[in-house]
1. Give region 51-83 a look and list any residue that's open to solvent by 20 Å² or more (accessible area, probe 1.4 Å) and acidic (Asp, Glu), or say none.
2. Out of region 103-112, which residues are within 18 Å of Thr78 (Cα to Cα) and either touching a residue at least 40 places away in the same chain (Cβ under 8 Å) or not small (Gly, Ala, Ser) (or both)?
3. Can you tell me which of Arg199, Arg173 is charged (D, E, K, R) and either under 16 Å from Pro62 (Cα atoms) or buried (at least 24 other Cβ atoms within 10 Å of the Cβ) (or both)?
4. I need every pair where a residue in region 34-58 that is more than 22 Å from Gly145 (Cα to Cα) has its Cβ under 6 Å from the Cβ of a residue that is of a type in the set (A, V, I, L, M, F, W, C) and open to solvent by 30 Å² or more (accessible area, probe 1.4 Å), sequence separation at least 6 or different chains.
5. In region 87-111, which residue that is open to solvent by 40 Å² or more (accessible area, probe 1.4 Å) and either at pLDDT 95 or above or of a type outside the set (Phe, Trp, Tyr) (or both) is nearest to Ser285 (Cα to Cα)?
6. Restricting to strands (runs of 3 or more DSSP E) lying wholly in region 202-280: which have 3 or more residues that are in contact with a Cys (Cβ under 9 Å, 6 or more places away or on another chain) and not small (Gly, Ala, Ser)?
7. Quick one: is Gly301 of a type in the set (Gly, Ala, Ser), closer than 30 Å to Arg119 by Cα, open to solvent by 30 Å² or more (accessible area, probe 1.4 Å) and outside any helix (DSSP H, G or I)?
8. Going through region 305-315 one residue at a time, which ones are in contact with a Cys (Cβ under 9 Å, 6 or more places away or on another chain) and surrounded by fewer than 16 Cβ atoms within 10 Å (Cβ to Cβ)?
Amino acid sequence: MSHLDYSVPDINLTLIRYWTLHNAAWHGEPVTDKTTTMAEAIAAFVHDGDTVALEGFTHLIPTAAGHEIIRQGRRDLTVVRMTADIVVDQMLAGGCVRKLVSSFVGNSSAGSLGELRRRIERADPEPLEFEEYSHYGMIGRYLAGAQRLPFYPVRSFAGSDLPSVNPGLRKVRSPYDDGEQVYVVPPVNPDVTIVHAQRADRSGNTQIWGLTGIQAEAVYAAKKAVVVVEEIVDDDVIRRDPNRTLIPSHAVDAVVACPRGAHPSFAQGYYDRDNAFYRGWSAISADPVRLREWLAEWVLGTRDHTEYVAKLGESHWAGLAVDDALSLPVNYGKRRENAR
């Protein structure tokens, strides 16, 4: 059964997460091991012509997954990503993307995306179909998709010029007394959503801290979901800190351990943002020849992300190391053995 079957409008997602996390422990159910390699996950869940959501906001960007999609030569993808950034630029240069659905494009305050701009502004080397929303418009699409709603209302489009460039933005009249007209966005239900996170257990209970973004809703909106994590931990680690579990196991189809897989973005508590990489990307992507040389060396020229990490070198990673900033422990309480 796909996790699609669990996503219904009248169920609170927080309760679903709590129930999923503790049900196996209460009833002694066996744990399903969903761990796999990145290559196996992309081969199984990403197909030519698919709609693929890649989500992670500021940190936990699934770059390594994007690289593996390039290595496997996927074509004609519709990529859904709120903040289309370096990984989208790279996938465009790799020939993977036919259409982009996004609310922001740019090199994360460090410059421009050369390949994306060439595609949109000059159809060079070929055009890119681009469907634009606001950030909250994209959130509304994921919420509608996750809850199987036909649309989601977004008041903020009134007075903007987005409706003039996106015919998918429609108005509906309120069924209540005032009859107000409000803009709505359609749901998005990707064939697969891929997210990066700090840790998960073998069955897919996934924990995120720091900026949490829209990852959980993007997972629930999709037909299949792949979670890429910095580390896979024992079940007890997850159960001891249940409030950090944003994505429960029933919503996950595959779990991939890929340390440093969000580079050049950061993973809160694991490594810092590679600002030098971001600053250097604008010059690389501005030159089509240099961009494809970079892809040939760093993506197509590496067997997997482990080789990519090793190629950067330990001195490079030492410069991205972070110090501890520990959270205080929380007492969840435990029933006493002699309690009635």
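The values are calculated or read from the model by the stated rules, or taken from the named source; none is laboratory data. In this text the structure is predicted, and so the values were computed from the model without any measurement. Cβ: placed from backbone, ideal geometry, glycine included. Neighbour counts: every protein chain shown. Accessible surface areas use protein heavy atoms only, side chains included; no ligands, DNA or RNA. Shrake-Rupley method; radii C 1.70, N 1.55, O 1.52, S 1.80 Å.
1. Correct list: Asp76 only.
2. Scanning region 103-112 gives Phe104, Val105.
3. Every option except Arg199 fails the conditions.
4. Filtered contacts from region 34-58: Thr58/Leu211.
5. Residues of region 87-111 open to solvent by 40 Å² or more (accessible area, probe 1.4 Å): 98, 104-105, 109, 111.
Next, only the ones that are either at pLDDT 95 or above or of a type outside the set (Phe, Trp, Tyr) (or both) stay: 98, 105, 109, 111.
Numbers: Arg98: 18, Val105: 14, Ser109: 15, Gly111: 10 Å.
So, considering only residues that are open to solvent by 40 Å² or more (accessible area, probe 1.4 Å) and either at pLDDT 95 or above or of a type outside the set (Phe, Trp, Tyr) (or both), the one nearest to Ser285 (Cα to Cα) is Gly111.
6. Because the criterion is at least 3 residues that are in contact with a Cys (Cβ under 9 Å, 6 or more places away or on another chain) and not small (Gly, Ala, Ser), the strands (runs of 3 or more DSSP E) in region 202-280 that meet it are 224-232.
7. Here the answer is yes, as Gly301 does meet what is asked.
8. Matches in region 305-315: Thr306 only.
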